[in-house]
Amino acid sequence: MEVLDRQQALVSNYEVYLVLQEEDLHHKDIKEKRKIRYPENVTTLKFEALQYLNNTACTTQTAEQLAELKKVLAEYELTKAEILQIVNLRPKTPVELHFIIEECDERFGMEDLEQLAEIVVNTLPREDDDAEGDGEEENGEEEEEGDGDAEMNGE
């Protein structure tokens, strides 16, 4: 493979994940058929990158979701890098968007940021959204129960 223009495009975690999965299958297939062994550093790098990406939200994304999100975000004046970060990080709150968007206060109002966050949440739903909501409720219940135990022991 030859890199023609290294600044041509930015690649999302989802796209890297797809390429690494394809390469992994290709390497396994060649290894079984031809008994070829790939350099250990390439295999390690691919394994560690896949392991990292498997623990991110990119595993639940689809190409259609990304295309739709990019289409909607095109209406806002965001740079390619900011769009890429939004795709990769999936911010759920305006505060998270402040970390991604350069000069955010000057470029967007609070309503715009809330709208952006809502767009991201609706376009790229996350499996961990439900788990986080459940976890917060459980933690809250445990704290309340803990306070009750302390009051009972204090009496």
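What's the ranking of 114-124, 52-62 by average number of surrounding C-beta atoms within 10 Å, highest first?
The densest-packed peptide leads the list: 114-124, 52-62.
Taking 7 Å along the Cα-to-C-beta vector as the label spot, tell me the residue 15-residue 40 distance in nanometres, rounded to one decimal.
It is 3.4 nm.
Using a 1.4 angstrom probe with every protein chain in place, what is the largest-first accessible-area order of 108, 99, 47?
The ranking, largest first, comes out as 99, 47, 108.
Select from the range 27-97 those GluC sites (Glu not before Pro) which occupy a DSSP coil region and have at most 10 other Cβ atoms within 10 Å, ordered by residue number.
Answer by residue number: 75, 77.
The values are calculated or read from the model by the stated rules, or taken from the named source; none is laboratory data. Keep in mind the model is a prediction, meaning the values are calculated, not measured. Positions of Cβ are generated from backbone atoms using ideal geometry, with glycine treated the same way; all protein chains shown enter the neighbour counts. Quick note on the areas: whole protein, heavy atoms, side chains included, nothing else; ligands and nucleic acids left out. Shrake-Rupley method; radii C 1.70, N 1.55, O 1.52, S 1.80 Å.
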